[in-house]
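Read-outs throughout are calculated quantities, based only on the coordinates presented, and are distinct from any laboratory measurement. Bear in mind that the values here come from a model prediction, so they are computed numbers and not experimental data. A quick note on method: Cβ atoms are made from the backbone with ideal geometry, for glycine too, and the neighbour counts reach across all protein chains shown.
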């Protein structure tokens with residue numbers, strides 16, 4: 001398991017890169033993941049929203065937004081972005097079903113309803 005200090009270093013590292021290259025998608029993705037692993041969900045959400053501006057039709061961006069909203073216990077936004085991710089082509093339903101970031105939303109009956117529309121054999 002990575003230490004808090006290592007995560008803080010990672011966050012600082014990617015933030016410094018983004019000072020000079022604010023639209024560097026790979027650095028934004030890594031920063032968002034580091035914020036999430038550090039438990040800084042609101043900051044991770046801000047990064048995910050920035051990625052959405054840069055890549056509005058990317059299914060993984062919408063999936064990560066859904067995860068951020070789930071971690072922040074915001075079900076409507078989570079489900080909206082999860083649906084968008086799926087309609088844009090995100091199809092790793094096995095991962096969706098076990099992703100710990102989506103634990104909160106799995107308790108919502110609308111979650112199963114959404115997945116049953118798109119996934120086979122759930």
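Restricting to DSSP H runs of at least four residues, report the calculated mean residue ellipticity at 222 nm for the chain, -39500 (n - 2.57) per run over all residues, nearest 500 deg cm²/dmol. Present the calculation step by step, with values, prior to reporting the outcome.
Details: 7 runs with 87 residues, N = 122.
My calculation for the chain gives -22500 deg cm²/dmol from helical runs alone.
Which value, in Å to one decimal place, does the Kirkwood hydrodynamic radius take for segment 41-122 when every pair of different Cα atoms is included? Intermediate values should be presented prior to the final figure.
Numbers: mean 1/r = 0.0804 Å⁻¹.
Radius from the Kirkwood sum: 12.4 Å.
Given R₀ = 22 Å, FRET efficiency for residue 57-residue 93 by Cβ-Cβ distance, to 0.05?
Taking R0 as 22 Å, the efficiency between residue 57 and residue 93 is 0.60.
Go through 64-70, 5-11 and give me the packing order, highest mean Cβ count within 10 Å leading.
Numbers: 64-70: 25.7, 5-11: 14.4.
Packing order, densest peptide first, comes out as 64-70, 5-11.
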